[in-house]
1. What's the magnitude of the charge dipole for the range 68-145 around its Cα centre, counting Lys and Arg as +1 and Asp and Glu as -1 at the beta-carbon? Answer in Debye, nearest 20.
2. List, in order, the whole-Hz ³J(HN,Hα) value for each residue of the range 134-141 obtained from phi through the Karplus relation with A = 6.51, B = -1.76, C = 1.60 and θ = phi - 60°; use x for Gly and Pro.
3. Which order do peptides 104-112, 49-57, 141-149 fall in by mean Cβ count within 10 Å, highest first?
4. How high is the FRET efficiency from Ala45 to Thr153, r the C-beta distance, R0 41 Å, rounded to 0.05?
5. Just subtract the alpha-carbon distance of Met31 and Arg109 from 0.36 nm times their residue separation and send over the number in nm, one decimal.
6. What percentage of all Cα-Cα pairs in the range 11-56 are separated by more than 12 Å?
7. May I ask you to compute the full-extension gain from Tyr146 to Asp122, defined as 0.36 nm times their residue separation minus their alpha-carbon distance, rounded to one decimal in nm?
8. For Val59, enumerate residues with amide H under 5 Å from its amide H, sequence gap 5+ or separate chain, H modeled in the peptide plane.
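Values quoted throughout were computed directly from the atomic coordinates according to the rules given, and no laboratory measurement underlies them. Given the structure is predicted, the values throughout are model-derived calculations rather than measurements. All Cβ positions, glycine included, derive from the backbone under ideal geometry; neighbour counts span all protein chains shown.
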Amino acid sequence: MANTPPGADNHESLDETDKAIIRHLQHDGRMSYAALSPLVGLSEAATRQRVNRLIDHGVMQVVAVTDPATVGLGLQAMVGIVTVGDVRAVADALAEIEAVDYVVIVAGRYDIVIEVVANSTDDLLDLINGQIRTIPGVDRTEILTYLKLVKQTYTWGTA
């Protein structure tokens, strides 16, 4: 591969072997290098090097993803936030809240959209009123409580 780190310029800097590695690890992140290497056509050592490079360059992470409901967090919600002032400062403050697991600055009806998890509606109310609405620059919020998660994938960039 070129000297440019994978993913540094655009998705085209990932070759088919990189994409295959990512696809297989998305399916089974605990797969050993011995099992992965024949699937991607590399030696075990070369596979290990590729995986480490993809991780080191921030192209991918191998992590455990939990289902919030099975670990006692029975309530998930998206919160649309309208801000006044510096939207980046508000986003940074929201990112510091433990119960917030996703923060994105957006264009449109809201300035920021976040995802939150809570144990109960009382905990969600405490989070919204006690932490989110008290951040300087938060003007309005709209809470969209999840009723049922129908689909969730993490397969970007491997097609």
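1. Details: 4 positive and 12 negative charges, 48 e Å.
The calculation lands at about 240 debye.
2. With coefficients 6.51, -1.76 and 1.60, one gets 8, 6, x, x, 7, 9, 9, 10 Hz.
3. On the way: 104-112: 13.1, 49-57: 15.4, 141-149: 11.4.
Put in order of decreasing packing, that is 49-57, 104-112, 141-149.
4. On the way: r = 31 Å, r/R0 = 0.75.
The computed FRET efficiency comes out at 0.85.
5. Working: separation 78, 0.36 × 78 = 28.08 nm, distance 4.22 nm.
Additional length available on full extension: 23.9 nm.
6. 56 percent
7. Working: separation 24, 0.36 × 24 = 8.64 nm, distance 1.55 nm.
Taking Tyr146 through Asp122 to full extension adds about 7.1 nm, to one decimal.
8. The answer is none.
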